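Student: The following block contains the structure, expressed as structure tokens.
Computed from the coordinates by the stated procedures, all read-outs in this text should not be read as laboratory data. Just so you know, these numbers come straight off a predicted model, no measurement behind them. Every residue, glycine as well, gets a Cβ built from its backbone with ideal geometry; the counts of neighbours run over all protein chains shown.
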Amino acid sequence: MNSKPLCLLITFGIIISLLSSCEKEDPIKVDNYVLLTNDSSKIWLLSKIILDGSLSPLIPDCILDDELSFNINGSCLKDNMGTIYKSNPSPFDLCSDTTQIVDTVYWELNNNQDTLTIFWKKHISFSKIIDLTTDSLILNTKYPNTDPQKEVYYAKEVHK
């Protein structure tokens, strides 16, 4: 009797059992605090707003140029970059130049790190995190007295 096939079968069985007994390592999940703040501070810029499933047709430049800088300590700097949205705008004149204003507000994530709450000066916004990567942030945000809106942000590249 030729023992070579039996020996190969046993060896093959041992290899298969060893491979199947190894636990697969879970991919390392990056903490949303780190993604949002880059472990220190990170600047985000709004790129679009989606209302009722449709891209908002007009987002004034004075909103698109605002920078939100999320800091690991829970503060958030909102820099208007020298332009503001007018309180009573006309359809063709939505923005006005002003002095640069940087407001400090505060933010927090819930225990599951899937809801971002921002404590603005005059209201609180609650945002469900739809997607968060190192360079993009998609939120479903609810502001007081409004329907939820989807907000898409991108990380500002900071050159050192």
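Student: If you take every residue apart from K156 with its C-beta less than 10 Å away from the C-beta of K156, what net charge results, scoring Lys and Arg +1 and Asp and Glu -1?
Tutor: -2
Student: Taking the Cβ of P60 as the centre, find all other residues whose Cβ is under 12 Å away and add up their charges (Lys, Arg: +1; Asp, Glu: -1).
Tutor: Counting the neighbours of P60, the net charge comes to -3.
Student: How much space per residue, in cubic angstrom, does the convex hull of the C-alpha atoms of the range 66-135 take up?
Tutor: Dividing the Cα hull volume of the range 66-135 by its residues yields 133 Å³.
Student: In the range 123-146, whose amide N lies under 18 Å from the spot 7 Å out along Cα-to-Cβ of D114? List them in ranges.
Tutor: Flagged as within label range: 126-133, 137-142.
Student: What are the semi-axes of the equivalent ellipsoid of the range 72-112, taken as the square roots of 5 times the eigenvalues of the Cα gyration tensor, listed largest first and rounded to whole Å?
Tutor: 29, 13, 6
Student: If amide hydrogens are placed 1.01 Å from N in the peptide plane, which non-local residues have theirs closer than 5 Å to the one on S136?
Tutor: So S136 has HN proximity to A155.
Student: Can I ask one more? Please give the charge dipole size of the range 32-155, origin at the Cα centre, charges +1 on K and R Cβ atoms and -1 on D and E Cβ atoms. Round to the nearest 20 debye.
Tutor: Approximately 300 debye in magnitude.
Student: How long are the semi-axes of the equivalent ellipsoid of the range 32-155, taking √(5λ) for every eigenvalue λ of the Cα gyration tensor, in whole Å from largest down?
Tutor: In descending order, the three semi-axes are 23, 17, 13 Å.
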